[in-house]
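Colleague: Input: one structure, supplied below.
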Amino acid sequence: MDVFEKIKDINAYATKAREQGLTIGFVPTMGALHEGHLSLVKKAIAENDVVIVSIFVNPIQFNNPEDLAKYPREIGKDLALLQKEGVHVVFTPSDKEMYPETVSDTYNLGSLSSVMEGKFRPGHFNGVAVVVHKFFQIIQPHKAYFGEKDYQQLLIIKALVRNYNIPVEIVGCPINREADGLARSSRNSRLSPQMKEAAPFIHQQLVEAIKLAKELTAEELENHIILVFEKHPLFKLEYFTIANGSTLDPIKGKITENSYGFIAVYAGDIRLIDNIRLI
Ligand code: AMP
């Protein structure tokens, strides 16, 4: 497995692979890898000749400096995991390598980027679009893999490649969960033992929401979840929104086909997100 820190090196590798007629699968990550990331890597390995994984904690997608400072970094462990999976190349650029100058690019990502995560994390999706577009230009992969754990991000990346005519196939991958239902996340490692034990409650409420979606309107179900979290002693709900799984337009009244429930919850100072298809 090769590890490249420089854009020119990864670009040369990818260019050569393409010239040899090899297909390139790309998995962008921020490291502190877990089974969720590895599920994307496994799919990429199964579907491509060459798999490139990036590990880069992208500073410009963090709207909270403390979250950036405390984001887990475990590069040695990450490289060992990727080597075991049979990844061909890992790209680990520095901040300066990715952003030699101050970034001022603004992407038009439409209404997808103004709701939920876009509303509560201003600038987040623009930062994601900047870094993912840069990676696509540097690596020019045939396919790129993104998790439905960050469902809104997946839709935004699909919009990015459509709007900016980027020739890459975006592959969505299902949410990988702990045995207790908690969606795997690098931030889970920062949960206190008490919060970690309580955190499966979030997924349990989403599963409960699937049942209630048959009887309640969207507004009633949203209010129900808000009340459930108001009563919970540990968690602070940021939002629970029922929205269309393609457009993210809010659902009003009867909950229809392709509706999803999206949730963001604070467990202490750790912000967790999850989602589930309701119907
Ligand atoms: P991150 O390192 O958090 O930026 O995540 C890198 C990629 O892994 C993103 O496409 C995420 O959606 C995906 N991912 C993270 N956690 C999970 C999970 N539990 N299941 C599926 N995909 C995930």
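Colleague: Which one of these is out of contact with any Asp or Glu (no Cβ under 7 Å at 6 or more places or on another chain), over 15 Å from Gln152 (Cβ atoms) and of a type in the set (A, V, I, L, M): Ile202, Ile255, Ile279? Let's see the steps before the verdict.
Modeller: On the way: Ile202 fails: out of contact with any Asp or Glu (no Cβ under 7 Å at 6 or more places or on another chain); Ile279 fails: out of contact with any Asp or Glu (no Cβ under 7 Å at 6 or more places or on another chain).
Going through Ile202, Ile255, Ile279 in turn, just one is out of contact with any Asp or Glu (no Cβ under 7 Å at 6 or more places or on another chain), over 15 Å from Gln152 (Cβ atoms) and of a type in the set (A, V, I, L, M): Ile255.
Colleague: For segment 187-202, does any single residue satisfy the condition of being away from the ligand (no atom under 15 Å from the Cβ), among the small types (Gly, Ala, Ser) and either within 22 Å of Pro65 (Cα to Cα) or surrounded by fewer than 17 Cβ atoms within 10 Å (Cβ to Cβ) (or both)?
Modeller: yes
Colleague: Of all residues being away from the ligand (no atom under 16 Å from the Cβ) and exposed (fewer than 13 other Cβ atoms within 10 Å of the Cβ) in segment 165-176, which is nearest to Val51 (Cα to Cα)? Just the residue, please.
Modeller: Quick first cut of segment 165-176, residues away from the ligand (no atom under 16 Å from the Cβ) only: 165-167.
After this cut, where a residue has to be exposed (fewer than 13 other Cβ atoms within 10 Å of the Cβ) as well, the list is 165, 167.
On the way: Asn165: 23, Pro167: 17 Å.
Among those residues, the one meeting the criterion is Pro167.
Colleague: Between residues in segment 139-156 that are among the aromatic types (Phe, Trp, Tyr) and within 10 Å of the ligand (Cβ to nearest atom) and residues that are at pLDDT 95 or above and part of a helix (DSSP H, G or I), which pairs lie under 8 Å by C-beta distance while being six or more apart or on different chains?
Modeller: Taking only residues 6 or more apart or on different chains, the pairs are Tyr145/Leu40; Tyr145/Val41; Tyr145/Lys43; Tyr145/Ala44; Phe146/Leu40; Phe146/Gln153; Phe146/Leu154; Phe146/Ile157.
Colleague: A further question follows. So, restricting to helices (runs of 4 or more DSSP H) that lie completely within segment 19-128, which ones have at least 1 residues that are more than 15 Å from the ligand (Cβ to nearest atom), at pLDDT 95 or above and over 30 Å from Ile242 (Cβ atoms)? Spell out the reasoning first.
Modeller: Working: elements: 35-47, 65-70, 75-85, 95-98, 117-120.
In segment 19-128, the matching helices (runs of 4 or more DSSP H) lie at 35-47, 65-70, 75-85, 95-98.
Colleague: Let me ask something else about it. Checking Leu182 against (1) farther than 15 Å from Leu112 by Cα; (2) of a type in the set (A, V, I, L, M, F, W, C); (3) away from the ligand (no atom under 12 Å from the Cβ), which test does it fail?
Modeller: Looking at each condition in turn, Leu182 falls short on (3).
The values are calculated or read from the model by the stated rules, or taken from the named source; none is laboratory data. Here the structure is a predicted model, which means the values were calculated and not measured. Heads up, the Cβs are rebuilt from the backbone with ideal geometry, glycines too, and the neighbour counts pull from every protein chain shown.
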